[in-house]
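What follows is calculated from the coordinates using simple rules that are stated; it is not laboratory data. Predicted, not measured: the structure shown is a model, and the values here were computed from it. For neighbour counting, all protein chains shown are included, and Cβ atoms are generated from backbone atoms with ideal geometry for every residue, glycine included.
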Amino acid sequence: MRTVLLTGFEPFDQDTVNPSWEAVRLLDGTLQGDMQIIARQLPCTFAGAPERLSQLLQEFTPTLVIAVGLGPGRTDICIERVAININDARIPDNLGYQPIDTPVVAQGPAAYFSTLPLKAMVRAIRAGGIPASVSHTAGTFVCNQVFYCLQHALAGTGVRGGFIHVPPLPEQAVVAGGPSMALATQVEGLRIAVITALNTEDDVLEGGGQVS
Ligand code: PCA
């Protein structure tokens with residue numbers, strides 16, 4: 001049995017809900033062939049999230065890991081390409097900590113690329129009728145930090161990993177006046193993302209490179 005680990009975040013800032021967790025938890029326990037999805041929540045704290053992630057990697061020894069977070073203002077499902085070695089928080093995390101221009105990992109490389117088949121995932125999600133794109137920044141808050149720590153932990157192991165940002169839910173957009181995506185659509189997009197990542201050896205290059 002292969003295990004796919006999905007993580008979502010607890011709510012942060014002024015929010016009472018985080019679609020990343022609401023979506024991945026609906027996929028928890030999903031079985032497909034020899035694959036099972038395990039979904040777990042990460043705290044939205046610079047101190048707690050990497051620690052919890054590392055416990056989960058040890059506990060489940062997954063063959064694929066996709067961390068998911070809310071991207072306020074995002075209009076589609078964003079498959080992130082790169083994690084950078086910088087924490088630069090616009091707002092405090094859930095413990096009131098607000099790092100400014102500090103490294104995620106001292107002496108670590110400037111960046112890690114996702115090892116997911118980004119373009120194949122975007123095309124498959126779009127083929128399912130759901131908007132998606134490759135994104136070239138995961139920001140500099142807790143999501144980017146978790147993404148960086150994930151790629152740092154998986155580097156050289158052959159285990160694939162990456163990060164996806166999802167848009168706000170409609171009820172969050174009513175308050176913020178911005179874009180949104182229904183929860184069921186997010187869940188389906190993430191399900192397609194997982195299946196595509198599992199079944200795609202190399203990224204799909206035909207049909208042009210740019211899907212952002
Ligand atoms: N989004 C934040 C952190 C937690 C989340 O869901 C981010 O984009 O960094």
Requested in this report: Taking amide H positions as placed in the peptide plane 1.01 Å from N, state which residues far from residue 2 in sequence (5 or more) or on other chains have amide H under 5 Å from it.
Outcome: 35, 36
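Can you give the longest run of the chain that contains no GluC sites (Glu not before Pro) sitting in a DSSP loop with at most 11 other Cβ atoms inside 10 Å?
1-200
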Report task. Quick one: dipole size for the chain, taken about the Cα centre, charges +1 on Lys/Arg Cβ and -1 on Asp/Glu Cβ, in debye to the nearest 20. Result -> 240
Requested in this report: Could you compute the FRET efficiency for residue 97 and residue 41, with r as their C-beta to C-beta distance and R0 at 22 Å, rounded to 0.05?
Outcome: 0.70
Report task. Using only the Cα atoms of the chain, each taken as one equal point scatterer with no solvent, compute I(q) by the Debye sum, divide by I(0), and report log10 of the ratio at q = 0.10, 0.11, 0.14 Å⁻¹. Result -> -0.38, -0.46, -0.78
Query - Built amide H within the under 5 Å cut-off of residue 137, gap 5+ - result: 81
Report task. Using θ = phi - 60° and the Karplus relation 6.51 cos²θ - 1.76 cosθ + 1.60, list the HN-Hα couplings for region 8-18 in order, rounded to whole Hz, with x at every Gly or Pro. Result -> x, 9, 5, x, 9, 6, 9, 6, 9, 9, 10
Query raised in the report: Loop-only check: which trypsin sites (Lys or Arg not before Pro) in region 9-55 are DSSP coil with at most 16 other Cβ within 10 angstrom?
Result: none
Report summary line: Percent antiparallel among DSSP beta bridges confined to region 29-186, rounded to 5, stands at 40
Requested in this report: Quote the FRET efficiency, to the nearest 0.05, computed for residue 173 versus residue 55 with a Förster distance R0 of 22 Å and r equal to the Cβ-Cβ distance.
Outcome: 0.10
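Just flag the chymotrypsin sites (Phe, Trp or Tyr not before Pro) in region 74-135 sitting in loop per DSSP whose Cβ has no more than 15 other Cβ atoms within 10 Å.
Those satisfying the criteria are 97.
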Query raised in the report: What distance in nm separates the simple spin-label points at residue 157 and residue 202, each placed 7 Å from Cα in the Cβ direction?
Result: 2.6
Query raised in the report: Mind ordering 66-73, 157-164 by average Cβ neighbours within 10 Å, highest first?
Result: 66-73, 157-164
**Report entry** Separation between Cα centres of region 23-46 and region 91-153, rounded to whole Å
**Finding:** 18
Requested in this report: Would you please give the residues with an amide H less than 5 Å from that of residue 71, counting only those at least 5 places away or on a separate chain, with H modeled from the backbone geometry?
Outcome: 166
